[in-house]
Amino acid sequence: MSDTAGTPLLRARGLRKEYGKGEGRVRAVDEVDLDVGAGETVAIMGPSGCGKSTLLHLLGGLDRPSRGEVSLNGRRIDDIGEKALARLRRTAVGFVFQSFHLMEELTAVENVELSALLAGRSPRAARRRAEELLEQVGLAGRARFLPSALSGGQRQRVAVARALSNEPLVVLADEPTGNLDSAATLDVLRLFEGLHEAGQTLVIVTHDVRIAATADRMISMRDGVLVDETRLTGGTTGRLGALAGLGD
Amino acid sequence: MRQEVVLAMLAKEPSHGYQLRARLRDALGPLGEAMNAGQIYVTLTRLEKAGLLAADRPADGADRSDRKVYALTPEGQRRVAEWIAEVSWPRPDLAEFHLKLIAAASAGLADPITIVDTQRRELLRRLRDAQRAAMAEPDRSDAALLLEGIVLRLQADLRWLEACEQNWTHPRSGS
């Protein structure tokens with residue numbers, strides 16, 4: 001599944017992840033090839049247990065493959081040392097999770113600035129950046145709130161702001177709308193749409209068709225294998241009326 | 001029911017009308033019980049006249065439609081292939097799409113998963129458009145509410161396609 005001219009920003013070849021031993025061995029990710037171009041939004045869809053979260057972890061260096069290669073910006077990340085990998089996760093990759101993973105005892109702005117502080121920015125620069133990001137996600141007025149005082153959609157927007165804090169090359173999101181209702185989902189979709197327009201590279205694994213439909217490409221995954229790819233750009237605008245009973 | 005459905009259900013092998021009815025009853029379950037036998041024979045006769053079906057007369061020469069064995073003509077086969085490849089618009093007619101998957105699989109005309117993927121691609125494009133339109137609307141606009149209805153319907157159709165995909169990836173016994 002390769003689709004980009006020149007060197008892709010994110011590239012996987014022959015990626016495999018196995019769990020267990022002998023008879024009980026399971027191949028969660030099986031010989032996956034994937035190219036994601038700079039500025040592209042790619043959604044990977046599939047049923048629970050198809051291996052999509054495992055794939056995302058391999059792409060972001062949260063887990064190491066059993067076999068195969070992952071390169072980010074032309075540089076191999078599957079075989080680098082623990083320290084280099086940890087640095088990469090802090091600076092080059094932004095993660096967004098279904099259950100937000102915010103620190104409950106820190107305010108919104110403290111959650112966002114934490115990753116910049118860990119990456120070695122000065123407290124002042126980190127705070128300034130965090131405030132900018134919260135404004136960007138529409139939460140400037142909630143900067144001093146604890147996560148428990150925020151709605152699900154607001155928490156996820158804080159998590160997205162945090163993922164952006166070190167200007168990552170790529171944002172990897174795992175079911176970002178999985179815990180959200182319809183209106184909050186629309187907020188997150190708007191946010192991702194804005195990131196996309198700003199040129200941010202995004203890889204989203206999800207079984208929410210609404211978020212998959214915002215991608216440039218949708219890839220289906222079944223039993224650890226990428227099986228189908230759909231390019232979603234170039235739509236049917238103007239024909240929506242037929243879906244509402246207004247004729248075609 | 002569209003004539004193409006009847007044609008496609010004959011693609012597996014030449015059949016008597018009653019065999020065709022049994023196949024439809026199996027595929028549709030309780031929904032098939034309301035089907036009128038007379039209607040099916042009328043459709044078969046029409047398809048025969050249109051040159052899409054050929055009927056073998058029984059040895060005793062009787063011209064009763066319930067005794068004939070129907071088979072697709074080359075023209076009928078072409079029509080079925082077109083129908084299989086066609087994407088339903090604006091939304092899949094559930095029974096028609098369901099029978100399309102069954103006919104395609106049983107006659108080996110196409111991989112049902114490919115049909116599901118093609119349909120999903122179209123629905124995702126429409127969902128993308130509907131969502132973009134919804135996102136462009138100010139909060140609480142009347143139009144946004146209508147667009148949400150479209151989004152929810154498309155989601156329902158896409159969920160059903162997911163169920164179809166699972167069924168045809170790991171077919172249930174008997175199907």
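Residues that are more than 14 Å from chain A (Cβ to nearest Cβ): find the helices (runs of 4 or more DSSP H) completely inside the stretch B:71-173 holding 3 or more of those.
Once the helices (runs of 4 or more DSSP H) in the stretch B:71-173 are filtered for at least 3 residues that are more than 14 Å from chain A (Cβ to nearest Cβ), what remains is B:74-85, B:94-106.
Taking the stretch B:27-51, which residues are touching a helix residue (DSSP H, G or I) at 6+ places or on another chain (Cβ under 8 Å) and within 23 Å of B:SER88 (Cα to Cα)?
Residues satisfying the conditions are B:ALA27, B:LEU28, B:LEU31, B:GLY32, B:MET35, B:ILE40, B:THR43, B:LEU47.
May I ask you to verify whether A:PRO47 is buried (at least 17 other Cβ atoms within 10 Å of the Cβ), assigned to a loop (DSSP other than H, G, I, E, B) and in the same structural domain as A:LEU195 (by TED's automatic domain parsing)?
Answer is no for this residue.
Specify which of the listed residues (B:GLN155, B:GLN166) is at pLDDT below 90 and either within 20 Å of A:HIS207 (Cα to Cα) or in contact with a Lys or Arg (Cβ under 9 Å, 6 or more places away or on another chain) (or both).
Exactly one residue qualifies, and that residue is B:GLN166.
Looking at A:GLY199, A:GLY224, A:GLY194 in this structure, which one is on the phi > 0 side of the Ramachandran plot, out of contact with any strand residue (DSSP E or B) (no Cβ under 9 Å at 6 or more places or on another chain) and not assigned by TED's automatic domain parsing to the domain that holds A:ARG127?
None of the other options fit; the residue is A:GLY199.
Name the residues in the stretch A:199-208 that are over 17 Å from A:PHE97 (Cα atoms) and either at the interface with chain B (Cβ under 8 Å from one of its Cβ atoms) or not small (Gly, Ala, Ser) (or both), would you?
A:GLN200
Take A:THR214 and tell me if it is more than 12 Å from chain B (Cβ to nearest Cβ) and among the hydroxyl-bearing types (Ser, Thr, Tyr).
no
Can you confirm whether A:ARG210 is more than 22 Å from A:HIS57 (Cα to Cα), of a type in the set (Lys, Arg) and surrounded by fewer than 21 Cβ atoms within 10 Å (Cβ to Cβ)?
no
Being among the aliphatic types (A, V, I, L, M), at pLDDT below 90, in the same structural domain as B:VAL80 (by TED's automatic domain parsing) and under 24 Å from B:ILE84 (Cβ atoms) narrows it down to one residue among B:MET1, B:MET9; which is it?
B:MET1
Only residues that are of a type outside the set (S, T, N, Q), in a helix (DSSP H, G or I) and within 25 Å of B:ALA156 (Cβ to Cβ): list them for the stretch A:162-190, please.
A:ALA183, A:ALA184, A:LEU186, A:ASP187, A:VAL188, A:LEU189, A:ARG190
Can you tell me which residue among A:LEU114, A:LEU59, A:LEU106, A:LEU102 is touching a residue at least 40 places away in the same chain (Cβ under 8 Å), buried (at least 22 other Cβ atoms within 10 Å of the Cβ), farther than 28 Å from A:ASP216 by Cβ and not acidic (Asp, Glu)?
A:LEU102
Matching residues to (1) in a loop (DSSP other than H, G, I, E, B); (2) touching a strand residue (DSSP E or B) at 6+ places or on another chain (Cβ under 6 Å); (3) of a type outside the set (A, V, I, L, M):
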{"position": "A:ARG90", "(1), (2), (3)": "no, no, yes"}
{"position": "A:PHE100", "(1), (2), (3)": "yes, no, yes"}
{"position": "A:GLU104", "(1), (2), (3)": "yes, no, yes"}
{"position": "A:LEU117", "(1), (2), (3)": "no, no, no"}
{"position": "A:ALA126", "(1), (2), (3)": "no, no, no"}
{"position": "A:GLU135", "(1), (2), (3)": "no, no, yes"}
{"position": "A:GLN156", "(1), (2), (3)": "no, no, yes"}
{"position": "A:VAL160", "(1), (2), (3)": "no, yes, no"}
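Test A:GLY224 against the stated conditions and say whether it is without any contact (Cβ under 8 Å) to a residue 60 or more places away in the chain and either away from every other protein chain (no Cβ under 11 Å) or of a type in the set (Val, Ile, Thr) (or both).
no
Mind listing whichever residues of the stretch A:122-144 are of a type outside the set (A, V, I, L, M), more than 21 Å from A:THR185 (Cβ to Cβ) and in contact (Cβ under 8 Å) with a residue 12 or more places away in the chain?
A:ARG127, A:ARG129, A:GLU131, A:ARG144
The values are calculated or read from the model by the stated rules, or taken from the named source; none is laboratory data. What you see is a predicted model; the values in this text were computed from it and never measured. Using ideal geometry, Cβ is built from the backbone for each residue, glycine included, and neighbour counts are taken over all protein chains shown.
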